[in-house]
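The values are calculated or read from the model by the stated rules, or taken from the named source; none is laboratory data. Bear in mind that the values here come from a model prediction, so they are computed numbers and not experimental data. Methodologically, a virtual Cβ is constructed for each residue, glycine included, from the backbone with ideal geometry; neighbour enumeration extends over all protein chains shown. Protein only, heavy atoms only, side chains kept; ligands, DNA and RNA dropped before computing areas. Shrake-Rupley method; radii C 1.70, N 1.55, O 1.52, S 1.80 Å.
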Amino acid sequence: MATLQQISDFMAESFPQSKVSIEAVDAFSATVRHHIGLEELRPGGTVAGPVLMAVADAALYVAIFGRLGIVPLAVTTS
């Protein structure tokens, strides 16, 4: 299992463009946060679907790291 700091460092280095921050991670769960900017909103103030999917993708990636350790291609290849 990787620590929150190790995973945060890896994510920052590998995905410097990401706005996702890691709040908590353990072997069974992960909590991430993404601060929404105006450019990510649709009319009516709803968050755009691609933003929601990107956050979900990052959360799953972090959760897998919390369980397996940092395996960079764990969810990007078969």
**Asked** So which residues in the stretch 24-38 are closer than 15 Å to ILE64 by Cα and either in contact (Cβ under 8 Å) with a residue 40 or more places away in the chain or open to solvent by 50 Å² or more (accessible area, probe 1.4 Å) (or both)?
**Response** VAL25, ASP26, ALA27, PHE28, SER29, THR31
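Results for (1) within 17 Å of VAL75 (Cβ to Cβ); (2) modelled with pLDDT of 95 or more, shown as yes or no for each residue.
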| position | (1), (2) |
| --- | --- |
| ALA2 | yes, no |
| ILE7 | yes, yes |
| ILE22 | yes, yes |
| ALA27 | yes, no |
| THR31 | no, yes |
| LEU38 | no, no |
| PRO43 | no, no |
| VAL55 | yes, yes |
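Yes/no matrix, rows are residues, columns are (1) in contact with a helix residue (DSSP H, G or I) (Cβ under 8 Å, 6 or more places away or on another chain); (2) in a loop (DSSP other than H, G, I, E, B):
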{"position": "PRO43", "(1), (2)": "no, yes"}
{"position": "VAL62", "(1), (2)": "yes, no"}
{"position": "PHE65", "(1), (2)": "yes, no"}
{"position": "ALA74", "(1), (2)": "yes, yes"}
**Request:** Report yes if some residue within the stretch 49-69 is under 17 Å from GLN6 (Cβ atoms), out of contact with any Phe, Trp or Tyr (no Cβ under 9 Å at 6 or more places or on another chain), touching a residue at least 40 places away in the same chain (Cβ under 8 Å) and β-branched (Val, Ile, Thr); otherwise report no.
**Result:** yes
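Rundown of residues vs (1) touching a strand residue (DSSP E or B) at 6+ places or on another chain (Cβ under 6 Å); (2) open to solvent by 60 Å² or more (accessible area, probe 1.4 Å); (3) among the basic types (Lys, Arg), yes/no style:
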| position | (1), (2), (3) |
| --- | --- |
| ASP9 | no, yes, no |
| SER14 | no, no, no |
| GLN17 | no, yes, no |
| LEU41 | no, yes, no |
| GLY45 | no, no, no |
| ALA59 | yes, no, no |
| VAL62 | yes, no, no |
| ALA74 | no, no, no |
